[in-house]
Amino acid sequence: MPEQALYLKWRPQTFADVVGQEHVTRTLRNALIRGRIRHAYLFSGPRGTGKTTNARLLAKAVNCTYEDAAGRPCNNCSNCAAINEGRFLDLIEIDAASHTGVDDVRELRDKIAFAPGEGKYKVYIIDEVHRFSGNAFDALLKTLEEPPDHAIFVLATTEIDKVPATIKSRCLHFEFRRVSQKEVSALLAQIAESESFSIEGAALDLIARQGTGSVRDSISLLDQIVTEPEELVSLESAQLLLGTAASVQVRDLVQALAEEDLPLGIHIINKAIDSGSDPRQFGQQVVEYLRHVMLSQTASADLIEASQEDRAICEELAEAISRSRLLKTIRTFNEAINNYTGGWQPQLELELALVESLHVEASQSNVYRSVDAGKTHETAQDAAPESAYERVEGSAPGEPSAYPVGKIQNGWMEILTQAHRYNRNIPPLLEHAHVRAIEGNRLILGVQEEFFQKKIAAPERAKIIEQAIFDLHDVKLRLDVRVVEGVAPPPPPEPTGQARPEPEDPLIAAGKALGGVVDDAE
């Protein structure tokens with residue numbers, strides 16, 4: 001017989017064993033003592049926080065035959081033993097994900113009228129109740145309004161917003177919360193000691209952080225990491241097994257962000273990914289560390305669950321990085337994590353997030369580089385305030401062109417140069433786009449990948465491109481970026497009455513797009 005998983009072996013058997021949900025267990029125990037049992041309960045909260053476990057504990061407690069109500073469930077009577085062994089007929093667990101239809105609820109409603117066979121109450125636990133269809137909820141509502149005296153419903157869900165208000169109003173609602181890292185670490189240490197595992201405290205803290213407040217997930221990670229109970233599990237081996245980066249790499253990357261050292265940051269990201277770190281995990285670690293810096297900067301380092309040394313480092317970084325850049329960096333990396341879908345360049349999202357985080361907005365310091373006698377100068381340009389340009393609403397598809405598309409195509413390089421003066425990250429993105437047509441006041445840009453469509457069509461970038469077009473052509477166009485797979489960009493029309501110009505060298509064109517000028521001197 002296979003060995004039982006740790007999260008099942010260590011599932012709480014009494015209310016006192018439940019970790020981090022005292023606000024729920026205290027209320028349930030008081031209700032048991034006073035005999036004030038409700039006919040319907042609604043448990044909501046993140047996965048792995050104890051919703052189903054507490055529902056089973058409640059089922060045990062209401063059917064426990066122990067004389068003192070404060071000591072229920074006793075786990076010694078026949079009913080408690082039957083529930084623990086999974087053979088109690090009056091405990092019915094229903095997975096709403098596989099019983100979504102109204103017929104399933106009607107069948108339940110027909111059977112609920114029968115009296116309990118073994119205990120005092122028939123307890124129905126409906127897991128992931130938000131998966132019910134609308135008709136199924138309607139059928140359940142009637143049962144919740146007029147339940148038999150011997151029936152108790154416990155509805156559990158991870159998405160409370162999908163449960164109709166009519167259902168919520170018939171239930172006593174308990175909201176389960178994520179368990180703190182400190183409480184999870186203490187529980188993992190207790191399990192490791194009882195199971196005779198050899199594991200460092202720092203590794204347990206890492207597991208608790210990776211569990212993100214889910215007790216079940218944290219225990220499962222511990223079960224995954226410990227393969228040989230006699231072998232010591234170090235922090236380094238835990239990081240390798242979990243795909244997380246070394247904490248020093250995360251700290252060094254945040255230090256590079258504070259010092260605005262882009263090349264160093266790129267090297268750190270690539271080194272972390274090449275050494276086996278999962279890109280999503282690494283991004284999450286960076287966001288978590290940046291949050292610690294933000295807490296140090298805005299509130300107090302005492303809010304950080306870390307050592308005194310790490311708190312001191314966070315306080316130093318909080319003084320070295322501006323609040324605006326810190327907030328922008330957190331948002332940018334968090335967006336990169338949410339957008340991550342894998343691919344053949346797993347570190348690309350993180351690299352782009354780093355570049356965007358270190359980009360100085362045009363409204364603060366718009367800089368372009370010019371070459372003069374072999375020396376590089378940085379010249380500040382006055383940029384139009386962001387609120388100066390008002391975007392227009394796009395016209396309906398298929399309307400006659402409001403401006404000749406050929407003028408936009410022929411002046412595309414000048415538009416790139418103008419856009420660079422507002423945001424120097426936009427021209428490299430526009431290299432992956434081509435002008436296709438103008439419909440009414442809609443400028444249709446074609447790209448071959450959804451990634452570039454999302455980046456270019458972002459409101460703040462689209463507005464800058466429209467501003468650059470308005471500056472050069474005195475026409476307001478609404479940008480419309482579309483994914484066009486397998487279609488080559490249309491050639492620009494030849495100027496009327498003139499010979500077709502010779503194509504420009506791509507390197508020279510790229511240099512011009514970045515604000516450079518051609519020096520004809522020998």
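Of all aspartates and glutamates in the structure, the ones whose alpha carbon falls short of 15 Å from that of K476, not counting any fewer than 8 places away in one chain, are E390, E393, E439, E466. Taking amide H as placed 1.01 Å from N in the peptide plane, the amide H of Y41 sits under 5 Å from that of F153, V154, L155, L172, each at least 5 places away or on another chain. One quarter of the convex hull surface built on the alpha carbon atoms of the stretch 195-248 amounts to 3.5 nm², the projected area averaged over directions.
The residue list L222, Q345, V287 was ranked by how far each Cα lies along the charge dipole of the chain toward its positive end, using unit charges on Cβ atoms, and L222 comes out on top. Principal-axis analysis of the Cα atoms of the chain puts helix 348-357 at an angle of about 70° to the longest axis. Tilt of helix 279-298 relative to the longest C-alpha principal axis of the chain, in degrees (0 to 90, nearest 10)? Compared with the principal axis, the helix lies near 90 degrees. Within the stretch 153-237, the proportion of C-alpha pairs whose separation exceeds 17 Å stands at 54%. For the chain, averaging the sequence separation of C-alpha pairs within contact (under 8 Å, six or more residues apart) and dividing by the residue count gives a relative contact order of 10 percent. When K455, K182 are compared by accessible surface with a 1.4 Å probe, the order from highest to lowest is K182, K455. Around the amide H of E439, modelled in the peptide plane, lie the amide H atoms of I444, all under 5 Å away and 5 or more residues distant in sequence or on another chain.
With the simple model of a label 7 Å out from the Cα in the direction of the Cβ, R106 to C77 spans 3.7 nm. Working note: 222 nm ellipticity from helices only, DSSP H runs with n ≥ 4, each -39,500 (n - 2.57), summed and divided by the residues of the chain, gives -14000 deg cm²/dmol to the nearest 500. Cα centroid separation, the stretch 251-298 to the stretch 78-144: 48 Å.
The HN-Hα couplings worked out from phi for the stretch 28-34 by the Karplus form 6.51 cos²θ - 1.76 cosθ + 1.60 (θ = phi - 60°) are 5, 5, 5, 5, 5, 5, 8 Hz, whole numbers, x standing for Gly and Pro.
For the chain, a simple Cβ point-charge model (Lys and Arg +1, Asp and Glu -1, everything else neutral) yields a dipole of about 2300 debye relative to the Cα centre. Under a 5 Å amide H cut-off, with hydrogens placed 1.01 Å from N, R478 pairs with R442, L443 among residues at least 5 apart or on other chains.
Normalised by residue number, the volume inside the convex hull of the Cα atoms of the chain is 229 Å³ per residue. From the Cα gyration tensor of the stretch 215-321, with a ≥ b ≥ c the square roots of its eigenvalues, which class applies: rounded if a/c is under 1.5, or else prolate if a/b is larger than b/c, or else oblate? Judged from the Cα gyration tensor, the stretch 215-321 comes out oblate (a/c at least 1.5, b/c at or above a/b). Based on C-alpha pairs under 8 angstrom that are at least 6 apart in sequence, the stretch 1-69 has a relative contact order of 36 percent. Couplings 3J(HN,Hα) for the stretch 116-125, derived from phi with the Karplus relation 6.51 cos²θ - 1.76 cosθ + 1.60 (θ = phi - 60°), are x, x, 10, x, 7, 10, 9, 10, 9, 9 Hz, where x marks Gly and Pro.
For the stretch 245-284, backbone nitrogen atoms closer than 12 Å to the point 7 Å from Q224 Cα along Cα-to-C-beta are found at 278, 281. Evaluated over the Cα positions of the stretch 401-454, the convex hull gives a direction-averaged projected area, one quarter of its surface, of 3.9 nm². The alpha carbon convex hull volume per residue for the stretch 67-189 rounds to 157 Å³.
Per-residue HN-Hα couplings for the stretch 65-81, Karplus 6.51 cos²θ - 1.76 cosθ + 1.60 at θ = phi - 60°, whole Hz, x for Gly and Pro? After applying 6.51 cos²θ - 1.76 cosθ + 1.60, I find 9, 5, 5, 7, 5, 5, x, 8, x, 8, 6, 10, 6, 5, 5, 4, 5 Hz. Averaging the sequence gap over all C-alpha pairs within less than 8 Å and six or more residues apart, then dividing by the number of residues, gives the stretch 72-135 a relative contact order of 44 percent. Applying the Kirkwood pairwise sum to the alpha-carbon positions of the stretch 1-98 produces a hydrodynamic radius of 14.4 angstrom. Using only Cα atoms, tell me the angle between helix 459-473 and the longest principal axis of the chain; keep it within 0 to 90° and round to the nearest 10. Approximately 10 degrees, to the nearest 10.
The values are calculated or read from the model by the stated rules, or taken from the named source; none is laboratory data. Just so you know, these numbers come straight off a predicted model, no measurement behind them. Reconstructed Cβ throughout: ideal geometry from the backbone, glycine too, with neighbour counts over all protein chains shown. Areas reflect the complete protein model, heavy atoms only, side chains present, ligands, DNA and RNA absent. Shrake-Rupley method; radii C 1.70, N 1.55, O 1.52, S 1.80 Å.
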